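Chemist: Sharing a structure with you now.
No value in this document is a laboratory result; all are computed from the given coordinates. Just so we're clear, the structure is a prediction, and the values are computed from it rather than from any experiment. Ideal geometry is used to build each Cβ from the backbone, glycine not excepted, and the neighbour counts take in all protein chains shown.
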Amino acid sequence: MDMNAYLSMFIDESNDHLQSLNENLLRLENEPEDLSIVQVIFRSAHTLKGMSATMGFEDLASLTHEMENVLDLVRNSKLKMDNFIFDTLFKGLDALESMVQDIVGGGTGKADVTAIVQALQSIVKGDYSKPAESAGAAGNTAAGGGSGGLDEFQTSIMQQSMESGHNVYHIQVTVREDCVLKAARAYMVFDVLERGGEVIKSEPSVEQLEQEKFDREFIVFYISQLSAEELQTQIQTVSEIESASVTLLDAESLSLLAKPSLPASPQPQEIEASAEAVGQVAAARSQSAATAAPAAVSRTIRVDIDRLDTLMNLFSELLIDRVRLEQLAGEIRRNDLIETVEHMARVSGDLQNIVLKLRMVPVDSVFNRFPRMVRDLAKSLDKKIDLVIAGAETELDRTVIDEIGDPLVHLIRNSLDHGIEQVADRTAAGKPETGTVHLRAYHSGNHVFIEIEDDGKGINRDTVLKIAIKNGVIAPEQADSMSDEEVYMLLFAAGFSTADKISDISGRGVGLDVVKSKISSLGGHVSVTSTLGKGTRFSIQLPLTLSIISAMLIKLGSEKYAVPLSSIVETAIIKRESIRNIHGNRMIEFRGAIIPILSLSRILESPDFSEDQEEESEVVIIRKGEKWAAVIVDDFIGQSEIVLKSLGNYLTGIEAVSGATILGDGQVALIIDPNALIK
C-alpha cells in the first residue's frame, strides 16, 4: 500500500490529537481528580499510537505507547498525578510535536527520546520520587519523603543547580528540648528557607514533620544563592531553634549522598483498598456516562484551501452577473423574468452565506495554543501568570488565521517576559502576586480586533525616547512634540533596539518591527497604549478579508462608492446650520451626543461635488468601537451585495479606501474604510 497517499491526512489528524492532548492535560492539571478527562486523553493517545504504527513511524508510536501506559494506570486509579508526571507527559507531547513537524518537512519522524521514555517507564514502575504534598507554605517545594539519601531525580536537580552557579546545602536543624510545638517551628524554618531558595528534600519527610513524627532534629537539602552564614543567621531567627548546621556541598559529596533509585514505598493496605474502591466507582460513573451520552460521530471532511479560493472566485463572478441581471430585469419589466431573477437572488444569497462560512475559522484555532505556552513560560520565569481568553469564537478568514499566529506568540511572550513583574516586585507595588494577561478578540465593522493586555509595569516614555534618539530612530528636536501613542509606536521601528537590549522599559521593542510588518502585510495595523506601573495593551486591527460583503452604495458627484453595512449605524439628513465649530473641528449633535462630522469629498478630493452649495446634506453615521462619526455624502443609491477586490500592488496605502468592487453595470466603485475615517 502507498502510504504517501495518506500522509496529508495523518499530519492533519496528528496535529488535532496533539492539540487535544495539550488542552486536556492543562485541564487535568487544574482538576487532577477528574478521571473523565483522563479517559479523553487516553483515547487521543491511543488513536495517535495506532495511526503512527500504521504509517510506519515507529519512534512516534513507541513514545506514545509509553505515555499510554502511564495514562492507563491513572485512569484505573492505580497512579495519582503529580507535578513530575505532568512535566514528563508535557515533555513527551513536545517531542511528539517535533517528530510530526519533522514529518511535515519531509523527514522520517525519528528522534532520540530515550530520556523521556526512561522517565515514563520509571513512573510506571513506581521507580521515581514523588513530590511531597503541601505543608502549608513550605510543602509545595519540598520534594520526596523518607530517609536514606537522595534519589537520581533529586541528585540530577542539585547537580544542574551547581552547574548553573547556585549553592547546594545540607542543613541540619535542632529544636530545643523544651519546644512545645515542634511542627510549627519546622514550618517556620521552611517558610524562611523558601524566601531565598528551594527545598529539594527533607528527612524526615514533610508529612512526618507535620505530624511531629521526629525527635529534635531534621535535615534539609536546599538550593540557594545565599551564603552559608546568611542562611544560618536567618534560620536561628526562628524561636526555639537550638542550632542550625549549614554545610555547602560539592559534586563529590553530593555523589556520596546519592542512592540507587528504589521503588516508591508501598502504600498501606487500607489505602490500596480505598484506591481500588475509588477506581471502581469512577469506572462505573464513566460507563454510565458513556451509556447516557454516546460520543458524537464526526461528520466533517477536510478541503484544500485552494479549492475554497477557486469556489469563492467563481461565486464572485456569479454575483456580479446576478446584479447585472437584476438591473436588466428592472429595465425590461417582464414579470416572469423578474420572478426568475428574484428566485435566483434568494438561492444565490443562501449559497453566498454557505461559501462565506466555509472560509471562516474561529480564532480559537490560534488562541488554543497559548495556555500551554503561558504555563511553560511562567514556570521557567518563576512568575505567577493567568491567561484570560475572551472572544475565541470570533471568526476570521482562513488566510488571515494562518498568518496571525506568529505575531501573537511574539506579543504574548513579550508581555509575560518583560511586562509582568516578578512576584516580589508585584507585592512591593501593591499588586496581586499573580499577573494577568488578557487575550481578547471582537468584531468591529468589517474588521476584527485582537488585543493583548497585561497588568504589568507599563512602558516608560522617557526611556523609550532616550533609546530612540540614541539609536537614531528620531531626532532630539522631535521628542517634545510627540504624543504618548507616537512614542510607544517607536517600539515598532526597525532600528529601535538593535544596539542594546532594552531592560528598563519592559524589554519591549526587541523584534516588534517584525510583528508590525507581518500585520501590515495582512492589511491590518497595530497600536499601543500604556500606563506606567499599571500595564500595556497592544491592539491589532485585521480585515475580515471577506470576498463578499453587504454595503451601502453612495454617490459623490459622478463617482460611486461603497460603505460596508456592518459599520453603518444609520443614515440621516442634516441642515447646514446644525453644524457647529468646536476648537477648529466640525461637530453635530446626534442622539444626545456631540460627534465629529467628516467631508468625504474633501478626504477623497472629489472634484465635482461641493457640499458647501447644499442647504441640507445626507450623512452616514459610522461607528468604530465606542467612537462615532458622521460622513457627508452626495446621495444614497441603495444597499447591495458587493464583491471585494484588491487594488493591487500599485495602489497601496490610499487613505480611507480598503478596496474596490465591480457594480452590475460594469462600473468600478471604491470601498470606503470607516475605521480609517474615524482614526
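Chemist: Cα-Cα over 29 Å: which of LYS91/LYS457; LYS110/LYS384; LYS49/LYS80? Write out the running numbers ahead of the final one.
Modeler: Working: LYS91/LYS457 32 Å; LYS110/LYS384 35 Å; LYS49/LYS80 23 Å.
Cα-Cα > 29 Å for LYS91/LYS457; LYS110/LYS384; rest within.
Chemist: For LEU532, list long-range residues whose amide hydrogen, built 1.01 Å from N in the peptide plane, is under 5 Å from its own amide hydrogen.
Modeler: ILE459
Chemist: A further question on this structure: Where the centre of each part is set by its Cα atoms, how far does the range 425-453 sit from the range 33-74, in angstrom?
Modeler: First find each Cα centre; the distance between them is then 36 Å.
Chemist: I've got another one for you. Can you tell me the length gained on complete extension of the stretch ASN15 to ASP402, counting 0.36 nm per residue apart and subtracting the Cα distance?
Modeler: Values: separation 387, 0.36 × 387 = 139.32 nm, distance 1.44 nm.
That works out to 137.9 nm of additional length.
Chemist: If you don't mind, there's one more thing I want to ask. Rule-of-thumb check for the range 379-424: C-alpha Rg over 2.2 N^0.38 Å? Don't skip to the end; give the middle numbers.
Modeler: Working: Rg = 13.7 Å, N = 46, 2.2 N^0.38 = 9.4 Å.
After normalising by residue count via 2.2 N^0.38 Å, the value is 1.45.
Chemist: So, R0 is 30 Å and r is the distance between the beta-carbons of SER8 and SER365; what FRET efficiency does that work out to, to 0.05? Could the numbers behind the result be given before it?
Modeler: Numbers: r = 18 Å, r/R0 = 0.60.
It comes out at approximately 0.95.
Chemist: For the pair VAL303 and SER550, how long in nm is the line joining their label points, each one 7 Å along Cα→Cβ?
Modeler: The answer from the label model is 2.3 nm.
Chemist: Tell me which residues come under 5 Å, amide H to amide H, from LYS110 once H is placed; ignore anything under 5 positions away on its chain.
Modeler: When sequence neighbours closer than 5 places are left aside, there are no close amide H contacts.
Chemist: Here's another thing I want to ask about it. Along the Cα-to-Cβ line of GLU29, 7 Å from the Cα, sits a label point; which residues in the range 356-373 have backbone N less than 14 Å from it?
Modeler: Those under the cut-off are 369-373.
Chemist: Could you tell me what fraction of 2.2 N^0.38 Å the Cα radius of gyration of the range 305-362 comes to, as a two-decimal ratio?
Modeler: Numbers: Rg = 13.7 Å, N = 58, 2.2 N^0.38 = 10.3 Å.
With N residues counted in the range 305-362, Rg over 2.2 N^0.38 Å equals 1.33.
Chemist: Using modelled backbone amide H atoms (1.01 Å from N, in-plane), which distant-in-sequence or interchain residues come within less than 5 Å of GLY659's amide H?
Modeler: When sequence neighbours closer than 5 places are left aside, the close amide H contacts are ILE671.
Chemist: Whole-Hz ³J(HN,Hα) for each residue in the range 561-578, computed from phi via Karplus 6.51 cos²θ - 1.76 cosθ + 1.60 with θ = phi - 60°, x for glycine and proline: what do you get?
Modeler: For the range 561-578, the Karplus-derived couplings read 9, 10, 10, x, 5, 5, 9, 8, 7, 6, 10, 7, 10, 10, 8, 4, 6, 7 Hz, x marking Gly and Pro.
Chemist: Counting only C-alpha contacts under 8 Å and six or more residues apart, can you give the relative contact order of the range 139-257 as a whole percent?
Modeler: Values: 194 pairs, mean separation 47.4, N = 119.
So the answer I get is 40 percent.
Chemist: Oh, and also: What's the whole-number percent of alpha carbon pairs in the range 548-678 lying beyond 18 angstrom? Before the final figure, lay out each step's value.
Modeler: Numbers: 4509 of 8515 pairs.
Above the 18 Å cut-off, the range 548-678 has 53 percent of its Cα pairs.
Chemist: Starting from 0.36 nm per residue, how many nanometres of slack lie between SER164 and GLN667 once their C-alpha separation is accounted for?
Modeler: Numbers: separation 503, 0.36 × 503 = 181.08 nm, distance 7.00 nm.
Separation in residues times 0.36 nm, less the Cα-Cα distance, equals 174.1 nm.
Chemist: Given points 7 Å out from each Cα along the Cα-Cβ axis, report the LYS80 to LEU256 separation in nanometres with one decimal.
Modeler: 3.6
Chemist: If you take all C-alpha pairs in the range 361-489, what percent of them are over 21 Å apart? It would help to have the intermediate numbers written out before the result.
Modeler: On the way: 4329 of 8256 pairs.
More than 21 Å apart: 52 percent of the Cα pairs in the range 361-489.
Chemist: Can you work out the Karplus-derived ³J(HN,Hα) for every residue in the range 367-381? Use 6.51 cos²θ - 1.76 cosθ + 1.60 with θ = phi - 60°, whole Hz, and x for glycine or proline.
Modeler: Taking θ as phi minus 60°, the curve returns 4, 5, 7, 7, x, 5, 4, 5, 4, 5, 5, 4, 5, 6, 8 Hz for the range 367-381.
Chemist: Report the FRET efficiency, 1/(1 + (r/R0)^6), for ASN313 and ARG602, where r is their Cβ-Cβ distance and R0 is 41 Å, rounded to 0.05.
Modeler: Working: r = 36 Å, r/R0 = 0.87.
Efficiency for this residue pair is about 0.70.
Chemist: Among VAL246, VAL361, rank each residue by its count of other Cβ atoms within 10 Å, from fewest to most, as a rough exposure measure. Before the final figure, lay out each step's value.
Modeler: Details: VAL246 22, VAL361 17.
Lowest count first: VAL361, VAL246.
Chemist: Counting other C-beta atoms within 10 Å, which of LYS431, LYS555 has the fewest, and how do the rest follow?
Modeler: On the way: LYS431 20, LYS555 17.
Fewest-to-most Cβ neighbours within 10 Å comes out as LYS555, LYS431.
Chemist: Continuing with this model, one more query. Quick one: give the max-minus-min coordinate of the C-alpha atoms of the range 3-125 along each principal axis, largest first, in Å.
Modeler: Here the Cα extents, ordered largest to smallest, are 41, 26, 19 Å.
Chemist: Any idea how far apart GLU58 and ARG413 come out in nm if each label point goes 7 Å out from Cα toward Cβ?
Modeler: 3.5
Chemist: Determine, for LEU465, LEU647, the number of other Cβ atoms within 10 Å of each Cβ, and report the residues in order from fewest to most.
Modeler: Values: LEU465 19, LEU647 15.
Ordered by Cβ neighbours within 10 Å, fewest first: LEU647, LEU465.
Chemist: Can you give the extra length, in nm with one decimal, that the chain gains between GLN236 and TYR442 once fully stretched, where that is 0.36 nm per residue apart less the Cα-Cα distance?
Modeler: Details: separation 206, 0.36 × 206 = 74.16 nm, distance 5.65 nm.
Net length gain for the segment: 68.5 nm.
Chemist: What value does the range 139-257 have for Rg/Rh, both radii from Cα atoms and Rh as Kirkwood defines it?
Modeler: On the way: Rg = 13.5 Å, Rh = 14.3 Å.
Expressed as Rg/Rh, it is 0.94.
Chemist: Still on this model: Pop out the ³J(HN,Hα) list for the range 456-462 in order, Karplus 6.51 cos²θ - 1.76 cosθ + 1.60 with θ = phi - 60°, rounded to Hz; leave Gly and Pro as x.
Modeler: Values per residue, Gly and Pro as x: x, 8, x, 10, 8, 4, 4 Hz.
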